[in-house]
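These notes concern the structure reproduced below.
Where a number appears in this text, it was derived from the coordinates with a stated rule and is not lab data. Since the model is a prediction, treat every value here as computed from it, not as a measurement. Positions of Cβ are backbone-derived with ideal geometry, glycine not excepted, and every protein chain shown enters the neighbour counts.
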């Protein structure tokens, strides 16, 4: 048996222990290079070739032991910290809904919140099942459908804007088998998943096609924004635009150009918001409620009063402040503080910071370029609403119709958020099982093109 054959037999036995088959080529190359170096060093000391090969194999150790060690390093991993904090978010949101249910039950006015709490439990269970299912799904399969997903999302947005269906005067919903789906609310997630696949280069098929995709990057952001403007979907516009621009800047570098693009975009959004009367009045109310009518400043003033009257321990489970609307949605965080106190609010804020920190740490550990891009987009879609909700608690920020991720009531957004978290877990789970195909030099080269 030749020396190369001996090395191959050894490498075969090592790879038999490693279940991540996509890593076999990379592992074989690294181990083979190391074996060659050891054998060459031994030969340089005056030993024969066969003896040098034998010595090199002995230095490496038993192939089964080496293989099991490599398998332990490269096996799929669950991010238990992210999973745990999200489940805690779900439990806190449920406690808030149950408190609302108890409050309405005590007053005897209606059974609205009891029904919402009952539905919320079902949505939570469905969301958790969906999250766990997607955690074991191979996220890379989404990439081939990126253009199709982008097109389908725009088609869905067009159809809901042209339909006669609206909820509280707002279009954006479709109903399937009695279940309402907020197409506009889901669209930032599907669009960012699509953009991650379109914008990320395929290193094996790197041609002029990718340069064409880069030229289409900004138009692919602008087109959905026009839909959001047409449909007066300000919250979705702000979130999608902010996240897509951050991902675009990160992928493309070129900070001078990026600053120009971002500055121009922010200016355009502010001009749009200022020219729509209801948005302009809302901004003025956040800055100085006395400069607008009592009706226009009602929500801001009641938010401030709610926060001021909460106290460190709150008013207790089942309490309710009737003046504060939308307590099951964008006002759930203030309601939780009003009910359970400033201490509970600080704990929840700390959990949000912990979630953000764990998400960023997980993102930094990912080496697959497509996975890293997809993770960044989804992560930011979840983080920005948390940050904005924290800012809204001050009572000096324009109130957007943004549900608190994983906590607020709502079937579509809860399922979307848990599904998004499932994809994050899927990406993290495979971070050590994929070859590092996209190294830093390739990324820098792609950004420069």
Original post:
Rounded to the nearest whole Å³, what is the per residue volume of the convex hull around the Cα atoms of the stretch 29-168?
Top reply: 181 Å³
Original post:
Considering the alpha-carbon set of the stretch 3-73 alone, what are its Rg and its Dmax in angstrom?
Top reply: 12.3, 39
Original post:
So, in nm, how far is label residue 5 from label residue 151 when the simple model puts each one 7 Å beyond its Cα toward the Cβ?
Top reply: 5.4 nm
Subject >> Radius of gyration and Dmax over the Cα atoms of the stretch 226-290, both given in Å >> reply: 13.9, 45
Original post:
What does the convex hull of the Cα atoms of the stretch 307-449 come to per residue, in Å³, rounded to a whole number?
Top reply: 136 Å³
Original post:
Normalised by the residues of the chain, what does the relative contact order come to in percent, with Cα pairs under 8 Å and at least six apart?
Top reply: 25 percent
**OP:** Compute the FRET efficiency between residue 291 and residue 271 as 1/(1 + (r/R0)^6), taking r as their Cβ-Cβ distance and R0 = 22 Å, and round to the nearest 0.05.
**Re:** 0.60
Subject >> residue 391-residue 32 FRET efficiency (beta carbon distance; Förster radius 60 Å; 0.05 resolution) >> reply: 0.65
Original post:
Taking only DSSP H segments of four or more residues, each worth -39500 (n - 2.57), what value at 222 nm results for the chain once the sum is divided by all its residues, to the nearest 500 deg cm²/dmol?
Top reply: -23500 deg cm²/dmol
Original post:
Fully extended, how many nm does the chain gain between residue 111 and residue 19 (0.36 nm per residue separation, minus their Cα-Cα distance)?
Top reply: 27.7 nm
Subject >> Principal-axis tilt of helix 24-44 within the chain, Cα atoms, nearest 10 degrees >> reply: 40 degrees
Subject >> Ranked 291, 372, criterion: other C-beta atoms within 10 Å, fewest first >> reply: 291, 372
Original post:
For the Cα atoms of the chain, what angle does the longest principal axis make with the long axis of helix 49-60, in degrees from 0 to 90, nearest 10?
Top reply: 30 degrees
**OP:** Figure the gain on full extension for residue 144 and residue 281 (residue separation times 0.36 nm, minus the Cα-Cα span) and round it to one decimal in nm.
**Re:** 44.9 nm
Subject >> Debye intensity ratio I(q)/I(0), log10, the chain, q values 0.06 Å⁻¹ (C-alpha model) >> reply: -0.35
Subject >> Nearest-0.05 FRET efficiency for residue 43 and residue 317, computed from C-beta distance (R0 60 Å) >> reply: 0.20
**OP:** Quote to one decimal, in nm, the extra length available between residue 260 and residue 118 on full extension: 0.36 nm per residue of separation minus the C-alpha distance between them.
**Re:** 46.3 nm
Subject >> Gaussian network model of the chain, springs between alpha carbon atoms under 10 Å - residue of 219, 76, 289 with greatest fluctuation >> reply: 219
Original post:
Between the helical axis of 80-107 and the dominant principal axis of the chain, each derived from Cα atoms, what acute angle in degrees is found, rounded to the nearest 10?
Top reply: 20 degrees
